[in-house]
Structure formats: C-alpha cells, structure tokens
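Student: First the structure, which I've put down as structure tokens, then a few questions once you've had a look.
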Amino acid sequence: MLWIDGVLVSPGKGGVYGERMLGEFRIWDPRRSKCAALARHDPTIDFLPDQRVLYLGAAHGTTVSHIADYVEVVYAVEIAAHPMRNLLRVCQERPNIIPIMADARNPSSYAPLVEAVDILYQDVATPSQVDIALDHRVFLKDEGILILMLKTPCMDSRRSPEDLCSEAISLLQPTYRILNTVWLEPYHRDHAAIVAQAVPSPFP
Ligand code: SAM
C-alpha cells in the first residue's frame, strides 16, 4: 500500500467519486471505504501488481476503483442495477475491472468467467455473509487471502456484534485460517474485518 505522510493513496486517474488528490495520487479515505479503514488498523494488508481479486458487493465501484489501481484485475460482482450503472462508468476508465451483475449467493452463475484469484474481498450486507465466504473458497488459490467485511447488524439485530463475529470465525475456521480480526471503529460502526488465509484443499 502507498502512504504519503500518513495518508493512504492509490496510483490512478482521479475523478471517480469526487475523491481528493495528493499530487498525482488518489486519496483513499477510511471513512469512505472499509478497505482503507482496515489498512489503517492492519499494516499487513497489501495489494500487489500481479494479483487477481474477486470482489463481492462492488456497489458504485468506490473501493473497487482503488484496489484496481494496485492489482492486475478485479472481478467485481454486484447484484443491484443502480450501483451497477455507476460501476460500468468506472470500468470505462479502468479496463482491469471486470463487472459481473450477479447474486453472490449463486456463485455458479459466474464461475466460468472468473480465474483463480489471490484475494477474495467480500462486502455484501446479507445475513448469509459467512456462507457466501465459504462458498467462494473454490475461487481462491491455495493460501489465497479472504478479506471479509462482516456487517453484524444485518446478521441478527438481537445478538451482540462480538458474539456474531465469534460465531462467524468458528464457522470459517475449517476452511480458512484466521490471520486477524479488526473492528473498523471509528470509521464504520459494528463492522469487523476478518482477514483469513484459505486452507489448502486436501485433494490434489
Ligand atoms: N464495497 C463497496 C465499497 O466499499 O465501495 C460498498 C458495498 S455496499 C456496503 C454492499 C453492496 O452489496 C451493495 O451495493 C449491494 O447491492 C450489494 N449486494 C447485496 N447483496 C448482494 C448479493 N447477494 N450479491 C451481490 N451483491 C450484493
């Protein structure tokens, strides 16, 4: 990740969503992007030029556009038509983003379009967030990285965020080795970022 005087930036053309510039770099604001908030809390988070990313919950392409400034390709899955329209505009300037209008609860609908990826980034606000992460293990290379933005209020509003996060971790663990869990306060309330590594498949 590129930091200039403590400010996270990405190296790409500006004017995507009104982001500010620092010289020729785009400022990546932790209040606008959970990924930028995670980078503030976890200095090991990185995106590299030879990496492929599968991004679930692309929305208008705010965070996708910054990740695309760093990596080779981003497969960007979004279910809703309105954000998809804006995402398509972002793709016009960034040909390394492959937009896919689909439901992340049905990965077989886009499996033929996506190569094995180094990073699975998930920011889908549905009760089935953990199931989605488990179902997408097949897209990750062995030892690839999962970044799961866990939005606890939409999982079960009667249970505490900590309880929901602990349960999510125990469900993920046979499939992923947990590397870090970070609450994204003060930038995003009741959101935990779970960073994990795919456990290699026992089958060749
Ligand atoms: N990741 C975005 C960013 O940082 O710029 C914000 C994502 S927003 C919190 C969640 C997005 O997930 C919404 O755009 C929503 O339409 C999308 N979404 C919700 N359910 C989905 C599903 N089943 N499949 C794909 N996208 C979904």
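The values are calculated or read from the model by the stated rules, or taken from the named source; none is laboratory data. Predicted model only: the values in this text are computed from it and were never measured. Every residue, glycine as well, gets a Cβ built from its backbone with ideal geometry; the counts of neighbours run over all protein chains shown. Just so you know, the surface numbers come from the protein's heavy atoms only, side chains and all, with ligands and any DNA or RNA stripped out. Shrake-Rupley method; radii C 1.70, N 1.55, O 1.52, S 1.80 Å.
Student: Please arrange TYR121, TYR70 by accessible surface area, largest first, computed with a 1.4 Å probe and ligands excluded.
Tutor: Descending accessible area places them as TYR70, TYR121.
Student: Ok, one more. So what's the gap between the Cα centers of the range 55-105 and the range 6-21, to the nearest angstrom?
Tutor: 17 Å
Student: So with the 1.4 Å probe, I'd like the accessible area per residue for the range 29-198, rounded to whole Å².
Tutor: Result: 44 Å² of accessible area for each residue.
Student: Now, a different point. Please report, largest first and rounded to whole Å, the three semi-axes of the ellipsoid equivalent to the chain, where each semi-axis is the square root of five times an eigenvalue of the C-alpha gyration tensor. Spell out each step's value before the answer.
Tutor: On the way: eigenvalues 122, 80, 58 Å².
For the chain, the ellipsoid semi-axes come out as 25, 20, 17 Å.
Student: Would you work out what percent of the accessible area of the range 125-185, with all protein chains in place, is carbon or sulfur (probe 1.4 Å)?
Tutor: Values: 1500 of 2990 Å².
The value for the range 125-185 is 50 percent carbon and sulfur by accessible area.
Student: Moving on. Using R₀ = 22 Å, calculate the FRET efficiency as 1/(1 + (r/R₀)^6) where r is the Cβ-Cβ separation of GLU185 and LEU2; round to 0.05.
Tutor: Working from the Cβ atoms, E equals 0.35.
Student: Quickly estimate the mean residue ellipticity at 222 nm for the chain, helices only: each DSSP H run with n ≥ 4 gives -39500 (n - 2.57), and the total goes over all residues, rounded to 500. Before the final figure, lay out each step's value.
Tutor: Values: 5 runs with 49 residues, N = 204.
About -7000 deg cm²/dmol.
Student: Please build a GNM for the chain, connecting alpha carbons under 10 Å apart, and tell me which residue among PRO95, PRO161, PRO112 fluctuates the most.
Tutor: PRO112
Student: Which aspartates and glutamates, if any, have their Cα less than 16 Å from the Cα of LYS141, not counting same-chain residues under 8 positions apart?
Tutor: ASP50, GLU72, GLU115, ASP118
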